[in-house]
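Bear in mind these aren't lab numbers, they're just calculated from the coordinates by the rules spelled out. Worth saying up front: this structure is predicted, and the values here are computed from it rather than measured.
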Amino acid sequence: MAFLDTVAERMAVTTFERAQASGDPDLVDDVSKMIGQSSPTLQEAYNTCIRYLRAEARVMQFIDQRVDVVDDGE
């Protein structure tokens, strides 16, 4: 299902970046609902990509904060 994953990832990355840039917290969910109207399988792949992107963002923020604390302590 490489094509499915490629399409889902492309849509998720684009949506996630634009939601972050615009500050629109509903964009990701609205796009998910739109996808689900046509393809529940694609919707699940998209939602999985979004979860990965959100997790990555949280981890990167945690690392940045942790490194800042260490840098400030030196």
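Sequence-ordered 3J(HN,Hα) estimates for the range 35-46 from the Karplus curve with 6.51, -1.76 and 1.60 and θ = phi - 60° stand at 4, x, 5, 9, 8, x, 5, 5, 4, 5, 5, 4 Hz, glycine and proline given as x.
Relative to the globular-protein estimate of 2.2 N^0.38 Å, the Cα radius of gyration of the chain stands at 1.37. Karplus-based coupling profile of the range 51-62, in residue order and whole Hz: 4, 4, 5, 5, 5, 4, 4, 5, 5, 5, 5, 4, with θ = phi - 60° in 6.51 cos²θ - 1.76 cosθ + 1.60 and x standing for Gly or Pro.
Relative contact order for the range 2-73: 35 percent, from Cα pairs under 8 Å spaced at least 6 residues apart, divided by residue count.
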